[in-house]
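The values are calculated or read from the model by the stated rules, or taken from the named source; none is laboratory data. What you see is a predicted model; the values in this text were computed from it and never measured. Using ideal geometry, Cβ is built from the backbone for each residue, glycine included, and neighbour counts are taken over all protein chains shown. These area figures cover heavy atoms from the full protein model, side chains too; ligands, DNA and RNA do not enter into them. Shrake-Rupley method; radii C 1.70, N 1.55, O 1.52, S 1.80 Å.
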Amino acid sequence: MTGPIRLDMTISLDGFVAGPDDRTGQEMGRGGFRLFNWLDDRQGEGPSGQVYAEAMATGALISGRRTFELAGRWGGDHHDGVPIHVLTHHADPSDVPPGSARFFTDVVACAEEARAAAGDRAVMVHGAGAAQALLKAGLLDELELHVVPVLLGAGRRLFGEGDQVELDLVRQLADRDVLHLRYVVRR
């Protein structure tokens, strides 16, 4: 049995995963780091600690290229040495990513290899572009959204126009300054 491919994303109440003008040196955009205040409780025994521990127990990672680059390529190790699968529109053969990271231009091949690497554990997904590509291909199984009560007003949206998918809410956990929601994608 294989684990689910699960988006793990923090999002503002108005649907942004980063504030405006996200770039190197301002990776979360203007005001965007506010979205990660809930991580102050990630080592605690409450809901934020629980969802963080679950995320760190995943067996592989799929990331969008933009997220991978803005995160400094995670120095080649997102967590515990799990394989990093980076979805990109173009892979330059001379660009060798660090650690276990590999570039993929085919979303299906990326998902298949990530599932195989994760075994019975979940595959974590980071990045709006990766989430959109996996959702469009019918390969995203779950969404773990950490909804922060802030309106950023602009920035990078998690979902775009035309994204129509039915979801079932399977868990909701409230903690200080965040609501952790897990959805299963209806097939």
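Between 95, 120, the distinction of being at pLDDT 95 or above, open to solvent by 10 Å² or more (accessible area, probe 1.4 Å), of a type in the set (Asp, Glu) and on the phi < 0 side of the Ramachandran plot belongs to 120 only. Restricting 143, 139, 134 to those that are touching a helix residue (DSSP H, G or I) at 6+ places or on another chain (Cβ under 7 Å), aliphatic (A, V, I, L, M) and open to solvent by less than 20 Å² (accessible area, probe 1.4 Å) reduces the list to 134.
Let's see how each residue does on (1) free of Cβ contacts under 8 Å to residues at least 60 places away in the same chain; (2) among the β-branched types (Val, Ile, Thr); (3) under 22 Å from residue 117 (Cβ atoms):
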residue	(1), (2), (3)
18	no, no, no
28	yes, no, no
37	no, no, no
81	yes, no, yes
87	yes, no, yes
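Just one residue in the set 169, 173, 152 is within 28 Å of residue 45 (Cα to Cα) and either free of Cβ contacts under 8 Å to residues at least 60 places away in the same chain or assigned to a loop (DSSP other than H, G, I, E, B) (or both); that residue is 169. In region 155-166, of all residues being under 20 Å from residue 139 (Cβ atoms) and without any contact (Cβ under 8 Å) to a residue 24 or more places away in the chain, the one that is most open to solvent (accessible area, probe 1.4 Å) corresponds to 164.
So in region 176-185, with the set limited to residues that are within 14 Å of residue 49 (Cβ to Cβ) and part of a strand (DSSP E or B), which one is nearest to the chain's Cα centre (by Cα)? Filtering first and then ranking leaves 180. With respect to the conditions (1) farther than 30 Å from residue 44 by Cα; (2) in contact with a Lys or Arg (Cβ under 6 Å, 6 or more places away or on another chain), residue 142 falls short on a single one, namely (1). Of everything in region 98-117, what is among the hydroxyl-bearing types (Ser, Thr, Tyr) and crowded, with 16+ Cβ neighbours inside 10 Å? Give them in sequence order. Scanning region 98-117 gives a single hit, 100.
Applying the set (1) exposed (fewer than 15 other Cβ atoms within 10 Å of the Cβ); (2) out of contact with any Pro (no Cβ under 7 Å at 6 or more places or on another chain) to residue 47 leaves exactly one unmet item: (1). Select from region 1-36 the residues that are among the hydroxyl-bearing types (Ser, Thr, Tyr) and touching a strand residue (DSSP E or B) at 6+ places or on another chain (Cβ under 9 Å) and list them in ascending order. Those that are among the hydroxyl-bearing types (Ser, Thr, Tyr) and touching a strand residue (DSSP E or B) at 6+ places or on another chain (Cβ under 9 Å): 2, 10, 12.
Applying the selection to region 139-172, what residues are small (Gly, Ala, Ser) and either at pLDDT 95 or above or closer than 13 Å to residue 15 by Cβ (or both)? Listed by number, the residues that qualify are 153, 154, 155, 160.
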